[in-house]
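Visitor: There's a structure below that I have some questions on.
The values are calculated or read from the model by the stated rules, or taken from the named source; none is laboratory data. Here the structure is a predicted model, which is why all the values come from computation and not from measurement. When we count neighbours, we look across all protein chains shown, and the Cβ atoms used for this are built from the backbone with ideal geometry, even at glycine. Areas reflect the complete protein model, heavy atoms only, side chains present, ligands, DNA and RNA absent. Shrake-Rupley method; radii C 1.70, N 1.55, O 1.52, S 1.80 Å.
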Amino acid sequence: MAIVIIRQDNKTQEWKNALLAVDSSIEVYAYEEDYDSNDIDMALIWKHPEGSLTQFPNLKCIASNGAGVDFIFEDKTAPIHLPITRIVDSYLAADMSEHVLALILAYLKNIEHYKVDQFKKIWKPIQYKRIADFNIGILGLGTLGQALANDLVKFGFKVQGWSNSRKKIDNVESFEGQAELSKFLSTTEVLVCLLPLTDETYGILNKKLFKQLPKGAYVINVARGGHLVDNDLIEMLDNEHLSGASLDVYHKEPLVKHHPFWEHSKVHMTPHYASVSDTKFVVPQILENYRRLQKNEPLLNLVSKSKGY
Ligand code: GLV
């Protein structure tokens, strides 16, 4: 019985150490190490190389090391008949909320504009916007969307959200399903995408959707690059229907050097780092699931295969 960690960044050792620091009795291996692949019963993965999950004949669970699991379903060789778990963590949600709050406040107060002007030594006051006047619309009211909605309400924003099924969140107007999407969009001045990436949501941030937002709306995508049709965003920014966009996620990461987003004055970019699983907070839930797996008990934070999240 052992855990294998499969990821392509430089954080494997950090995760291995963090797991062992909490429970030194478990066996944990980095994918690249020598071990008997028959011993592996849990794969803790983040953007694993395609095909790598086929090598463990006794694998019993695939654990995503993040909130998202889209990368698992994208690997057509992945044994997705096995239970798949994901991270649900209040710190991950709080970090996301703080990131989006920072972006919205920077937008209302023209912080980006002033930075550009500063380098050109331009002294030019720009009318700022007020929180109380602003309607924020959140696409996706899961754990992350709900945490953001609650924080925005605390700050005094008017908040509405759209999801598959109606949600009950204090002071947040909830819109449900395709039938209510247009109504939701028509009053959304800042649109935040926090949807899971599934067949239904792929490309949802497209021209048709953007046209239903009021002129001058601002778009924030902190979910997945696959939600956005890049050229549609550029067109809507260039024709001034949208006033700007903040992106943390891209179709291909790192974003290729020749992509027009890099040099677009209305696109604000961050390198998919709005919110990342922190070993300190997340290791206990991974170990708890590992314990449950050994005891054949129901796992925490199971992904629904039919929903894809
Ligand atoms: C980050 O993108 C995550 O899914 O946790």
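Visitor: Quick one: in region 86-104, of everything that is open to solvent by 40 Å² or more (accessible area, probe 1.4 Å) and assigned to a helix (DSSP H, G or I), which residue is nearest to GLY244 (Cα to Cα)?
Guide: Step by step, filter region 86-104, then rank; the result is ALA102.
Visitor: For residues in region 19-44 being closer than 16 Å to ARG291 by Cβ and under 24 Å from the mean Cα position of the chain (by Cα), which is surrounded by the fewest Cβ atoms within 10 Å (Cβ to Cβ)?
Guide: LEU19
Visitor: Right, another one. So how many residues does region 214-244 have that are small (Gly, Ala, Ser) and more than 24 Å from GLY66 (Cα to Cα)?
Guide: 4
Visitor: Answer with yes or no whether GLY177 is in the same structural domain as ASP199 (by TED's automatic domain parsing), closer than 19 Å to HIS227 by Cα and crowded, with 16+ Cβ neighbours inside 10 Å.
Guide: So GLY177 fails the test.
Visitor: Here's another thing I want to ask about it. Using the structure shown, decide if LYS257 is in the same structural domain as ARG224 (by TED's automatic domain parsing) and within 15 Å of the ligand (Cβ to nearest atom).
Guide: no
Visitor: Still on this structure, please answer the following. So for region 190-201 (the condition being closer than 24 Å to GLN8 by Cβ, within 16 Å of the ligand (Cβ to nearest atom), modelled with pLDDT of 95 or more and of a type outside the set (A, V, I, L, M, F, W, C)), does at least one residue qualify?
Guide: Looking through region 190-201, at least one residue is closer than 24 Å to GLN8 by Cβ, within 16 Å of the ligand (Cβ to nearest atom), modelled with pLDDT of 95 or more and of a type outside the set (A, V, I, L, M, F, W, C).
Visitor: Hey, can you tell me all the residues within region 68-85 that are open to solvent by 60 Å² or more (accessible area, probe 1.4 Å) and either at pLDDT below 95 or within 16 Å of the ligand (Cβ to nearest atom) (or both)?
Guide: GLU74
Visitor: Next question, about the same structure. Within region 260-270, can you find the residues that are open to solvent by 80 Å² or more (accessible area, probe 1.4 Å) and assigned to a loop (DSSP other than H, G, I, E, B)?
Guide: Scanning region 260-270 gives a single hit, SER265.
Visitor: Suppose we keep only residues that are among the charged types (D, E, K, R) and away from the ligand (no atom under 16 Å from the Cβ) within region 263-309. Which one would you say is nearest to CYS193 (Cα to Cα)?
Guide: Filtering first and then ranking leaves LYS266.
Visitor: Looking at LEU141 and the list (1) surrounded by fewer than 18 Cβ atoms within 10 Å (Cβ to Cβ); (2) under 16 Å from the mean Cα position of the chain (by Cα), which single condition is not satisfied?
Guide: Going through the list (1) surrounded by fewer than 18 Cβ atoms within 10 Å (Cβ to Cβ); (2) under 16 Å from the mean Cα position of the chain (by Cα), LEU141 breaks only (1).
Visitor: Out of the residues in region 157-192 meeting the condition of being without any contact (Cβ under 8 Å) to a residue 12 or more places away in the chain and in contact with a strand residue (DSSP E or B) (Cβ under 8 Å, 6 or more places away or on another chain), tell me which one is nearest to GLN146 (Cα to Cα).
Guide: Among those residues, the one meeting the criterion is LYS168.
Visitor: If you don't mind, another one. Output the number of the condition that LEU293 fails; it satisfies all remaining conditions of (1) open to solvent by 40 Å² or more (accessible area, probe 1.4 Å); (2) in contact (Cβ under 8 Å) with a residue 60 or more places away in the chain; (3) touching a strand residue (DSSP E or B) at 6+ places or on another chain (Cβ under 8 Å).
Guide: The one condition LEU293 does not meet is (1).
Visitor: Outside any loop (DSSP other than H, G, I, E, B) and basic (Lys, Arg): which single residue out of LYS252, LYS215, LYS183, LYS257 fits that description?
Guide: Being outside any loop (DSSP other than H, G, I, E, B) and basic (Lys, Arg) holds for just one of LYS252, LYS215, LYS183, LYS257, which is LYS183.
Visitor: Which one is surrounded by the most Cβ atoms within 10 Å (Cβ to Cβ) among residues in region 239-249 that are away from the ligand (no atom under 14 Å from the Cβ) and assigned to a loop (DSSP other than H, G, I, E, B)?
Guide: HIS241
Visitor: Scan region 45-55 for residues that are more than 14 Å from ALA2 (Cβ to Cβ) and either open to solvent by 10 Å² or more (accessible area, probe 1.4 Å) or among the hydroxyl-bearing types (Ser, Thr, Tyr) (or both) and jot them down.
Guide: TRP46, LYS47, HIS48, PRO49, GLU50, GLY51, SER52, THR54
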